[in-house]
Structure formats: structure tokens, C-alpha cells
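Participant: Here you go, one structure.
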Amino acid sequence: MTTPPEPPAAPLAMAQPTSLLFVCLGNICRSPAAEGVFLHLIGLQGLEHAFRADSAGTGDWHVGRPADERMRSAAARRGIDLPSRARQITHSDLSRFDHVLTMDRQNLKAVRGLAGKGEATAQISPLTGYCRRYDIEEVPDPYYGGEEGFDRVLDLLEDACGGLLETLTAERTQR
Ligand code: 4NP
């Protein structure tokens, strides 16, 4: 008896969207920028149906606020909108999202600590692991620095989010 051939992988448009949560400390600088950069990239590639992106902070000081004005201006100069309002990460996020991407070691430790409190299915990883041009381990916090820090964050995020999108798109086509 011959074995029937494997069914073809589901086309990108039919598969469930891959969901991503970007996480930093305050959710007003780096993670809303990562969310905006990622949304911008999927928009350019017509992949809005395939991905869902959100962001959150490990802290609660800025809950409800839009992204920092300096971060929004730097992003707007690159044609990138930052639509988020700050919120604090919750334990349920760690099962609601497929991937949780952290900006620095402190965020990674905090998210892993939260994950240790119960069931958590999300894959938790540092966003900088997806950089292609930059050899760095953290996206530096620009909050207490000058304007150039916000541009540096965007340079790193454009690199990392491009690598992330490439990796996840390849994974989706292999499903
Ligand atoms: P973020 O930056 O973690 O990239 O949003 C920060 C924003 C605010 C503070 C720290 C970091 N803060 O201490 O208020």
C-alpha cells in the first residue's frame, strides 16, 4: 500500500496569525518602538493577516500613556507610527502570545520570573538575538539620555525586527 502524500502546508493567509509581545521596562520607549517598527515592516510586506503585535512594560509607572514624545518624533521621521498605550505585562500574556521579545537582561529576568509563577507557553527571548547587522545583547534604555539615543534604538530595532520577521515568516511557510 502506498502512503498518501503529505498535505501541502497551509498557505500564509489561512494559518493563524503569529502573535508577538515586545517588552521593556516602562513601555513608553523601546517596546512601543519595537511594536511600531514590526507593524511597519509587516505593512510594507502585506503580512498584516499573518502577524499580531503588541507591547508591554514590566513596570506600571506609565500605564495608559502614549509612547514618549521623543521616541514618537524619532519614529515619525522614519515614517513609523507608534500607536501603543502603555500597559503592564500580566501572567496571562505568557500564554496569549506565541513570542515574548525582551529588550535587555533586566526585562528578560523579570519576564522569566513571571513565567515561573505558572503555566507559560510563549517563547521568551531577547530581541537582539535577531539582529543581523549589529552584534549587541541589549537595546539600551534611551529615557535619561539625549536625542541620539532614540535614533540608536530605532537603528537597532529596525535591524532586529527585520531579522525576526524573516525568521518567523520562514517558520510559517514550513508549518
Ligand atoms: P522603556 O524606557 O523601558 O524603554 O520604556 C523607560 C521609560 C521610563 C522609565 C524607565 C525606562 N522610568 O524610569 O520612568
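Participant: Order these peptides, 17-24, 162-169, 112-119, by their mean beta-carbon neighbour count within 10 angstrom, highest first. Before the final figure, lay out each step's value.
Facilitator: Details: 17-24: 24.2, 162-169: 18.1, 112-119: 12.1.
Final packing ranking: 17-24, 162-169, 112-119.
Participant: For the chain, modelled as a GNM with alpha-carbon contacts under 10 angstrom, which of 135, 155, 98 fluctuates the most?
Facilitator: For the chain, modelled as a Gaussian network with Cα springs under 10 Å, the answer is 135.
Participant: Additional query: I'd like the chymotrypsin sites (Phe, Trp or Tyr not before Pro) in region 97-141 restricted to DSSP loop residues with at most 15 other Cβ atoms within 10 Å, sorted by number. Write down the numbers at each step before the final one.
Facilitator: Values: sites: 97, 130, 134; in loops: 97, 134.
Passing both the DSSP loop test and the Cβ count: 134.
Participant: Moving on to the next point. For region 105-160, divide the Cα radius of gyration by the Kirkwood radius and give the resulting Rg/Rh value with two decimals.
Facilitator: Values: Rg = 13.6 Å, Rh = 12.8 Å.
Ratio of gyration radius to Kirkwood radius: 1.06.
Participant: Fully extended, how many nm does the chain gain between residue 136 and residue 112 (0.36 nm per residue separation, minus their Cα-Cα distance)? Show your work: numbers first, answer last.
Facilitator: On the way: separation 24, 0.36 × 24 = 8.64 nm, distance 2.04 nm.
Value of the extension gain: 6.6 nm.
Participant: Give me the number: length gained by fully extending residue 121 to residue 45, i.e. 0.36 nm times residue separation minus the C-alpha to C-alpha distance, one decimal in nm. Show your work: numbers first, answer last.
Facilitator: Details: separation 76, 0.36 × 76 = 27.36 nm, distance 2.79 nm.
Here the segment from residue 121 to residue 45 would lengthen by 24.6 nm.
Participant: Can you give me the relative contact order of the chain as a percent, contacts being Cα pairs under 8 Å and 6 or more apart?
Facilitator: On the way: 313 pairs, mean separation 44.6, N = 175.
Relative contact order, the chain: 26 percent.
Participant: Let me understand region 23-175 better: what is its radius of gyration from the alpha carbons, and its Dmax, in angstrom?
Facilitator: 14.5, 44
Participant: Still on this model: Label-point separation (nm) for residue 166 and residue 88, each offset 7 Å from Cα along Cα-to-Cβ?
Facilitator: Distance between the two pseudo-spin positions: 3.8 nm.
A short reminder: the numbers here are calculations on the coordinates, not readings from a lab. Worth saying up front: this structure is predicted, and the values here are computed from it rather than measured. Cβ coordinates were reconstructed from backbone atoms using ideal geometry, including for glycine residues, and neighbour counts include every protein chain displayed.
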